[in-house]
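Participant: Sharing a structure with you now.
Values quoted throughout were computed directly from the atomic coordinates according to the rules given, and no laboratory measurement underlies them. Predicted model, so just to flag it, every value in this text is computed and none were measured. Note that we place each Cβ from the backbone using ideal geometry, even for glycine, and neighbour counts take in every protein chain shown.
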Amino acid sequence: MLQTEDQYYLSLRDGRRVFYRGQPVEDLLSHPELGPAIRHAAVDFRMAHDPQYRDRAVVTDEDGTYSRFYHIPKSSQDLKKRRDLIALSTRLGGTVVPLIHEIGTDALFGLMEVTQVMDHELGTHYSERVRNFWQQARDHDYALAVAQTDVKGDRSKRPSDQPDPDMYLRIVKRTSDGIVVRGAKVHTSVSINANWLIALPTREMREADKDYAVAFVLPVNTPGLTLITSPFLSSLHHDMERPISSQHKMVESFTWFDDVFIPHEQVFLNGEWQFAGMLAKAFVEFHRFTAVSYKLPLLELITGVSALLAKYNGIDKARHIQNALSDLVLYEMTVRSILDNAADRGEMVAPGVFRPHIPLVNLAKYHFATGLHQAFHHVQDIAGGLLVTAPGEEDLSHPELGPVLRRYLQGRDVGGENRLKALYLASDLVASDLAAYHLVLAVHAEGSIEAEKMTAVKSYPWEQVEAWARQIAGISD
Ligand SMILES: Cc1cc2nc3c(=O)[nH]c(=O)nc-3n(C[C@H](O)[C@H](O)[C@H](O)COP(=O)(O)OP(=O)(O)OC[C@H]3O[C@@H](n4cnc5c(N)ncnc54)[C@H](O)[C@@H]3O)c2cc1C
């Protein structure tokens, strides 16, 4: 089944416990701040039913007709089609990724990879459970969220060494039917508008941490689960002034598990501490591929609006502006090429699961994350101070002020109103709450820059280059 937009909206009216600024939210869709996030995420369902996009968004094979997001990648081509779909949905979402299929399927692919190894080594039966849930999710076209990041307390201490034992999600009880979990995760994107939530460990564990080695899936309306949403991004803006953030946003939650019961068939890791780190990483490697796929539209749009404003301001031939535009182009091309290469050099990691090349995925994410602040600087430089000082939409439509603004704010071959529209777009991209969100997202989401750097650098052929240096220097062992 491919959910329709309306079925999706209806599916979220299930008694889930969501709070916004201390108030319980009865109806997500009609909420002034959360409704826009739900309608934004529904782009995935609109795409699948739109003849213009359907062939890219939907797969038909021996398993039936279903969302391409659920298609398990089996080749470089599959990864590229997935990348293109993620980029398409993000373009339709005005540079904000919908994420309700992307992140959950990344987790499922990671789980498929690791549970096959676990079952082989430990004689467990987790991979069948994962496969069953994947089938169910695919056939119902579920929206999924992933809660991996724990609150973590003192970062220098391991889970079992924390003074408060609940700083990482843990199993507090095992029964014949399942497990009971307690703790809190943070930054959980799209949790309030997902049908199911997948919980994964956030790090490697030791034997003493075994009750923290837990992974499972649960419906978002499960008793004991509470989602406290972040109010950081507001949608209460004028459409013209904030063409993106008035309509598009993602919402994160503080995700509280207050002794939540999870039946066995929904549990994918239950104390097997040796596999916690492997699972955390397996998800992240798929997710970094997704991440860079959804960054590309942002890089295209900041380059596009910069070129436009350079022309409108009559500075497109200036050397420093051409340098800034070239930097933006090279940045985008480099990130795209590394990602392409990561898909081309991917590998089959478990029967039927093709994973992007790990060092290259990390390099792509690292290159993106360390370049975005400089890229925003270029856009701010080209656009000028009106990014934060321009008059408002009402002034433009005012009978006396409007004509004055249209005249005085004109640029080269462009009237004041269109120049302001371009400036409003640039402002929304690089000088707004959304801009701050993009920047923090770049640094932290999908794992830290340090982790990306270390993963990429680790793969470098150190021995080979050292040996060559010894040889050229004439150093014999
Ligand atoms: C917008 C957004 C959306 C997100 N969406 C999701 C989501 O859907 N699901 C999810 O699970 N997570 C999500 N994340 C979480 C993201 O993966 C984390 O932010 C990231 O892993 C960093 O964790 P943290 O925020 O707790 O920061 P910290 O871990 O506190 O990191 C802060 C700094 O401390 C350093 N540090 C941390 N621990 C150590 C240590 N032991 N030793 C040395 N240095 C250390 C880090 O390298 C970093 O420099 C999201 C984050 C953002 C910003």
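Participant: How big is the Kirkwood radius of region 115-161, worked out from every pair of different alpha carbons and given in Å to one decimal?
Facilitator: Hydrodynamic radius (Kirkwood, Cα pairs) of region 115-161 is 13.7 Å.
Participant: Would you mind getting me the FRET efficiency between residue 370 and residue 468? Use the beta-carbon distance for r and R0 = 30 Å, nearest 0.05.
Facilitator: With a Förster radius of 30 Å, E is 0.60.
Participant: Calculate the all-directions average of the projected area of region 21-92's alpha-carbon convex hull, and give it in nm².
Facilitator: For region 21-92, averaging the hull's shadow over all directions gives 6.8 nm².
Participant: Let me ask something additional. Quick one: net charge of residue 370's neighbours, Cβ under 12 Å, K/R +1, D/E -1?
Facilitator: Within the 12 Å Cβ shell, the charges total 0.
Participant: Provide the percentage of antiparallel DSSP beta bridges, counting only those with both residues in the chain; round to the nearest 5.
Facilitator: Bridges in the chain that DSSP calls antiparallel: roughly 85 percent.
Participant: On to the next question. Per residue, what volume in Å³ does the Cα convex hull of the chain take up?
Facilitator: About 184 Å³ per residue, rounded to a whole number.
Participant: What stretch of the chain, leaving out the sites themselves, is the longest with no GluC sites (Glu not before Pro) in a DSSP loop having at most 16 other Cβ atoms within 10 Å?
Facilitator: Within the chain, the longest run free of exposed GluC sites (Glu not before Pro) spans 63-399.
Participant: While we're on this one: Given the pairs 173/281; 157/210; 81/295, which are separated by over 24 angstrom at their Cα positions?
Facilitator: Long pairs (Cα-Cα over 24 Å): 173/281.
Participant: Go ahead and estimate [θ] at 222 nm for the chain from helices alone: -39,500 (n - 2.57) per DSSP H run with n ≥ 4, summed, over the residue count, rounded to 500.
Facilitator: Helix-only estimate at 222 nm: -15500 deg cm²/dmol.
Participant: Related question: Could you check the spin-label model distance between residue 406 and residue 173? Points 7 Å from the Cα along Cα→Cβ, value in nm.
Facilitator: Taking the two extended label points, one gets 7.0 nm.
Participant: Follow-up question, since we're still on this one. Write out the trypsin sites (Lys or Arg not before Pro) in region 251-342 meeting two conditions: DSSP loop, and at most 14 other Cβ atoms within 10 Å of their Cβ.
Facilitator: Sparse-neighbourhood loop trypsin sites (Lys or Arg not before Pro): 317.
Participant: Using the Karplus curve 6.51 cos²θ - 1.76 cosθ + 1.60 with θ = phi - 60°, work out ³J(HN,Hα) for each residue of region 14-21 in order, rounded to whole Hz, and write x for Gly and Pro.
Facilitator: Per residue, the Karplus-derived 3J(HN,Hα) values read 10, x, 4, 9, 10, 10, 10, 6 Hz.
Participant: Using the Karplus curve 6.51 cos²θ - 1.76 cosθ + 1.60 with θ = phi - 60°, work out ³J(HN,Hα) for each residue of region 312-323 in order, rounded to whole Hz, and write x for Gly and Pro.
Facilitator: With coefficients 6.51, -1.76 and 1.60, one gets 4, 8, x, 10, 5, 9, 5, 4, 5, 6, 4, 5 Hz.
Participant: Convert 25 °C to kelvin, take the viscosity as 0.890 mPa s, use the Kirkwood radius over C-alpha pairs of region 283-418 as Rh, and evaluate the Stokes-Einstein diffusion coefficient in µm²/s, rounded to a whole number.
Facilitator: Stokes-Einstein gives a translational diffusion coefficient of 142 µm²/s.
Participant: Please state the charge dipole magnitude for the chain, taken about the Cα centre, from unit charges on C-beta atoms (+1 on K and R, -1 on D and E), reported in debye and rounded to the nearest 20.
Facilitator: About 720 debye.
Participant: Which aspartates and glutamates, on any chain, are close to residue 421 with Cα under 20 Å apart, when same-chain ones fewer than 8 places away are left out?
Facilitator: 239, 241, 300, 316, 381, 393, 394, 395, 400, 413, 433
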